[in-house]
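Note sheet for the following structure.
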Amino acid sequence: MAGNRPSAEELAAAEGARIADVLSPGLRVLFCGINPGLWSGATGHHFARPGNRFWPALHASGFTPRLLQPHEQSELPALGLGITNFVARASARAAELTDEELQAGGQVLVDKVRRFQPAWVAVVGITAYRTAFGERRATVGPQDRRIEGARVWVLPNPSGLNAHWTAGTLAAEFRQLQQVAMLGESPQSDSGAPQG
């Protein structure tokens, strides 16, 4: 690939590509995305599309000491963090996934949590969480559900297409999780942020 920006041909060729999880045993937080986008499929890096707010939210919330770039994802396990996805195949939009794929991805996530034993699972996308686990009334924030002993927190989708959440409200939600998962503080009852 020329430079850091995939060509239109490389993006088209990334349809269906799979990228490796960023995992190690005993993480504090395992972030679970919906599925890789085409930029991620083309580059091999999670949340790689320019405009995706995952990496800025990680930094603004205190999870990372500096703003990491997607190609620096291998630095996450040393910080107690990891990344996986419900569905491994890359697509142009998460809306292309079927409910059956997300439900199967929920079981794959359970298996990964059983194997790697993170303390927290942070699902990045409320709609995907609701579909994967049949929790139709779930809202953003801490959940009653545990996955193989790991506590669960649902975060908003950091895609730039998710206009319901600003960079500030997204970072604030990530910060609540950071304070609980990394610092051991109690969850706040309500952030006042939108629930979409």
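The values are calculated or read from the model by the stated rules, or taken from the named source; none is laboratory data. Since the model is a prediction, treat every value here as computed from it, not as a measurement. Note: areas computed on protein heavy atoms with side chains; ligands, DNA, RNA excluded. Shrake-Rupley method; radii C 1.70, N 1.55, O 1.52, S 1.80 Å.
Values computed for the structure shown
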read-out	value
More than 15 angstrom apart: percent of Cα pairs within segment 1-62	56
DSSP-defined antiparallel bridges as percent of all bridges, the chain, nearest 5	30
Accessible area in the full protein assembly, largest first, 1.4 Å probe, for Thr127, Thr139, Thr43	Thr127, Thr139, Thr43
Per residue accessible area in Å² of the chain, where ligands, DNA and RNA are left out and the probe is 1.4 Å	47
Segment 74-127, accessible surface, carbon-and-sulfur percent (1.4 angstrom probe)	52
Overall form of segment 1-158 per C-alpha gyration tensor (a/c, 1.5; a/b vs b/c)	oblate
Estimated vicinal HN-Hα couplings, Hz - segment 172-181 in sequence order (Karplus 6.51, -1.76, 1.60; Gly, Pro = x)	5, 5, 4, 5, 4, 5, 4, 5, 7, 6
Relative contact order [Cα under 8 Å, 6+ residues apart], segment 16-182, whole percent	30
Gaussian network model of the chain, springs between alpha carbon atoms under 10 Å - residue of Gly168, Gly37, Gly141 with greatest fluctuation	Gly168
Residue-level accessible surface for His164, protein heavy atoms, 1.4 Å, Å²	130
Crossing angle, helix 99-116 versus the chain [Cα axis fit, 0-90 degrees, rounded to tens]	70
Gaussian network model of the chain, Cα within-10 Å springs - most flexible of Leu183, Leu109, Leu170	Leu183
